[in-house]
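Participant: Pasting a structure here, questions to come.
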Amino acid sequence: MWTQRLLRHLLTLLLTLLLGGLLGATLVRLAPGFGVDEQELNARLSDQSIQAVRQARAGERNVMSFYLHYLAAILRGDFGVSRSFGRPVAELFSERVRVTLCSVGLGLVGGWLSAFALALSGALYRRWAYDLLTSLLTGLLLCLPSAVLALVFLYLGGPSSLAIALVVLPRIFRYSRNLLLQTYCLPHVLTAKAKGLGSVRILLWHVLPSAAPSLLALVGVSVSMAFGAAIPIEVLSDSPGIGQLAWQAALGRDLPLLVNMTLFVTLVTLTANSLSDLAGKAFLRHQA
């Protein structure tokens, strides 16, 4: 049973990756200005040079042909060459992926710790003033776009990971707060309170086990939110990560780099969601 579920997740992951890469290549192909190279506007180039530039991009005009050749190259370990940077895509990723993973990881940890601490405090000590203050604070953060937070931290000289934490914090807080409030009202939790059990014991033995599957599912979703926020934040804060690379690739209509970028983000998102789903089901089975 467990093996079948794992195989089903892997098959879904593979099919979604293939479809995501194809859709990414198609959208870039349909974008305005695709197929036009800025080098063609150089008046110093001869007709032969312009024809050579056009010929270099001829293989990208047919999306299916490009994508099939791209997949065949991946199987050989070749991720292509970026036209914008003139370097192998694998080298660009190896240089920048650590920066993004570090900022996203720190942002997720900071956002989760802050959001869960606020939510738990609100569930344990129900005070209208505290609820009003946290609701106003998280509502304000929820209204601010990622780009605005990036500009604020750029002006203040703060780290990009803190900006990512502030993006995911209000979303995690609202969901986890409502979940904890509902869990504290469950019959077995109320019975534990009536028996005089301590707050820590009730939290560890009764509340968290009941809320764990939903919280694990939220972990997978928060990874997607953090990566989505990292792109504008890294661009505006001039952080040399995947987000900045994606922006530069989009400006240059760099099809090989954009397709690899789409596959990378899709892979990270699906992997996080699949792991959280499997962990939640395993936890439920263990509890049963």
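Participant: Output the residues belonging to region 255-270 that are more than 15 Å from the chain's Cα centre (by Cα) and over 16 Å from D78 (Cα atoms).
Facilitator: none
Participant: Any residue that is exposed (fewer than 15 other Cβ atoms within 10 Å of the Cβ), farther than 30 Å from G86 by Cα and of a type in the set (S, T, Y) - is there at least one of those in region 199-212?
Facilitator: yes
Participant: Does at least one position in region 173-183 carry a residue that is free of Cβ contacts under 8 Å to residues at least 24 places away in the same chain, out of contact with any Phe, Trp or Tyr (no Cβ under 7 Å at 6 or more places or on another chain) and not acidic (D, E)?
Facilitator: Yes, that holds for at least one residue.
Participant: Somewhere in region 226-247, is a residue among the polar types (S, T, N, Q), farther than 26 Å from F173 by Cβ and in a helix (DSSP H, G or I)?
Facilitator: There is at least one residue in region 226-247 that is among the polar types (S, T, N, Q), farther than 26 Å from F173 by Cβ and in a helix (DSSP H, G or I).
Participant: A follow-up question, please. Under the condition of being in contact with a Ser or Thr (Cβ under 9 Å, 6 or more places away or on another chain) and at pLDDT below 80, which residue from region 245-259 is surrounded by the fewest Cβ atoms within 10 Å (Cβ to Cβ)?
Facilitator: Per the stated criteria, the residue is L251.
Participant: Between R83, R98, which is at pLDDT 85 or above, over 15 Å from S222 (Cβ atoms) and of a type outside the set (S, T, Y)?
Facilitator: R98
Participant: Moving to a separate point now. Would you confirm whether any residue within region 78-90 is part of a helix (DSSP H, G or I), in the same structural domain as R171 (by TED's automatic domain parsing) and exposed (fewer than 13 other Cβ atoms within 10 Å of the Cβ)?
Facilitator: no
The values are calculated or read from the model by the stated rules, or taken from the named source; none is laboratory data. Keep in mind it's a predicted model, so treat the numbers as computed, not measured. Note that we place each Cβ from the backbone using ideal geometry, even for glycine, and neighbour counts take in every protein chain shown.
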